[in-house]
Amino acid sequence: MRRLLVILTATLLLCACRGRQGQRTDAGATDTLALRHATHLKVIHHDGFDEVRLADPWNVGKVLHTYLLVPAGQSLPGGLPHGTVVRTPLRRAVVSTSVHCSLVIDMGRKTSIAGVCEPQYIHIPYINERLRSGEVADCGSGMAPNVETIIDLQPDAIFLSPFQNSGGYGKVEALGIPIIETADYMETSALGRAEWMRFYGLLFGSSHEADSIFDSVEKAYLTLRQQAHQATTAKSIVMDKQSGAVWYVPGGKSTIGGIIADANIGYPWQSDSHSGSLPLPFESVLEKGGQADLWLFRYNSPQPITSAALLSENSGYKQFKAFQEKNIYGCNTATSTFYEETPFHPHLLLRDFICIAHPELGLGQPKYFLPVNK
């Protein structure tokens, strides 16, 4: 009965918020946050609330979602535009991915994480300890979170990743709890994705911390990019490896595609226009990337992978130049903090690429991608 009342109350509140929305436009804006790199995000400061628009990365010119951030305890301003009202700062949130959990912790708001999804993929000591003690709840799958658990948590918002043609968020949408669509991964530059932390900072009441972190990340990234373009070597790269019948390679306009370019490394799919991954058959990757100097891939395993293990997966790998010349580097996401750190600290990944492709620059050893042994 209590759970039913929670659902009904949340639904009524959502309807009430929407019922008070009018037709206010940009004409009522007091200021627009100047974003330096993000292209799918717009933040407009109004008197009494912030309006945040997420561009639909799959439909040019359309809006994926509009959020109206209103300080908690403040009455809703009259004539709000259409959008999802979010009371800030968030005190209790379900954060579905390790990527965003790590950012929230970096911004000093770790106690706001009330629930997570798929904890087996989270390598953050704070979260793992709270999961064991019951202070952070396991909300199940990120694709279909456990509705009962979320109802019990009564969070202020749920952070979920949107996907093209996903059909929405199922039963979670019916709860009336704001769903924050974390579309940052569809940005076309690494710094563009990282800059979304300024939006997340607004949500958690940590704008100062988010701005400070981003300024530091941006400075480090641009410095490394400048160093990379002073390199005297010219290397090319092929990324990742076959999974089932498909080999997913980063699109030319993806964040990793951009980092490869900024590292001054040749990439066979650099001219591709996709911001996500490209699903390709093995033969296509071999034809286009078989002569690449370097092969870097991510994998998940309790033990470090070997070249022999790679051949047991697919004997065709021995046809790649990088395999023959032993220029193979693997990132074990089961034991590294790759997914927790690099999306919002892309300078760390850029450094890895530069260390591997341009050792003459003297930046040291890579952190995530390590040489694959026999």
### Query
Where in the range 259-287 does the amide nitrogen come within less than 13 Å of the point 7 Å from the Cα of TRP58, taken along Cα to Cβ?
276-277
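Compute, for the chain, the length of the dipole vector about the Cα centre, with Cβ point charges of +1 (Lys, Arg) and -1 (Asp, Glu) only. Units Debye, rounded to 20.
Using only the charged Cβ atoms, the result is roughly 280 debye.
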### Query
Can you pull out the GluC sites (Glu not before Pro) in the range 169-237 that DSSP calls coil and that have at most 13 other Cβ atoms within 10 Å?
none
### Task
Leaving out ligands and nucleic acids, note down the accessible area per residue over the range 153-274 with a 1.4 angstrom probe, in whole Å².
39
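In deg cm²/dmol, rounded to 500, what helix-only [θ] at 222 nm does the chain give when every DSSP H run of at least 4 residues adds -39500 (n - 2.57) and the total is split over its residues?
On the way: 13 runs with 121 residues, N = 374.
Calculated mean residue ellipticity at 222 nm is -9500 deg cm²/dmol.
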### Task
Using only alpha carbons, build the gyration tensor for the chain and give me the equivalent ellipsoid semi-axes, biggest first, whole Å.
40, 23, 19
### Task
Would you mind checking the pairs LYS253/LYS318; LYS42/LYS253; LYS321/LYS374; LYS241/LYS321; LYS326/LYS374 and listing those with alpha carbons more than 18 angstrom apart?
LYS253/LYS318; LYS42/LYS253
### Message
Probe radius 1.4 Å, ligands and nucleic acids ignored: give me the carbon and sulfur share of the accessible area of the chain as a rounded percent.
### Response
52
### Query
If you take the beta carbon distance between HIS45 and GLN120 as r and set R0 to 45 Å, what does 1/(1 + (r/R0)^6) give as a FRET efficiency, to the nearest 0.05?
0.65
### Task
Specify which residue in the list PHE338, PRO302, SER189 is farthest towards the positive end of the charge dipole of the chain, using unit charges on the beta carbon of Lys, Arg (+1) and Asp, Glu (-1), about the Cα centre.
PRO302
### At most 16 other Cβ within 10 Å, DSSP loop - trypsin sites (Lys or Arg not before Pro), the range 26-120
ARG36, LYS62, ARG91, ARG92
### Query
How much length is gained if the chain between ALA220 and GLN324 is pulled fully straight, taking 0.36 nm per residue apart and subtracting their Cα-Cα distance, in nm to one decimal?
34.0 nm
### Task
Would you please give the FRET efficiency between LEU311 and ARG92, computed as 1/(1 + (r/R0)^6) with r the Cβ-Cβ distance and R0 = 41 Å, to the nearest 0.05?
0.25
#### Entry: the chain: angle of helix 346-357 to the longest principal axis, Cα-based, in degrees nearest 10
0
### Query
Gap in Å between the Cα centre of the range 64-98 and the Cα centre of the range 264-307?
40
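If you take the alpha carbon radius of gyration of the range 107-237 and divide it by 2.2 N^0.38 Å, what ratio comes out, to two decimals? It would help to have the intermediate numbers written out before the result.
On the way: Rg = 18.2 Å, N = 131, 2.2 N^0.38 = 14.0 Å.
The value comes to 1.30.
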## Note on the structure
The extension gain from ASP152 to ALA34, computed as 0.36 nm times the residue separation minus the Cα-Cα distance, is 38.6 nm
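The values are calculated or read from the model by the stated rules, or taken from the named source; none is laboratory data. What you are looking at is a predicted structure, and each value in this text was computed from that prediction instead of being measured. Neighbour counts run over all protein chains shown; Cβ positions are idealised from the backbone, glycine included. Surface accessibility is based on the protein's heavy atoms, side chains included, excluding ligands, DNA and RNA. Shrake-Rupley method; radii C 1.70, N 1.55, O 1.52, S 1.80 Å.
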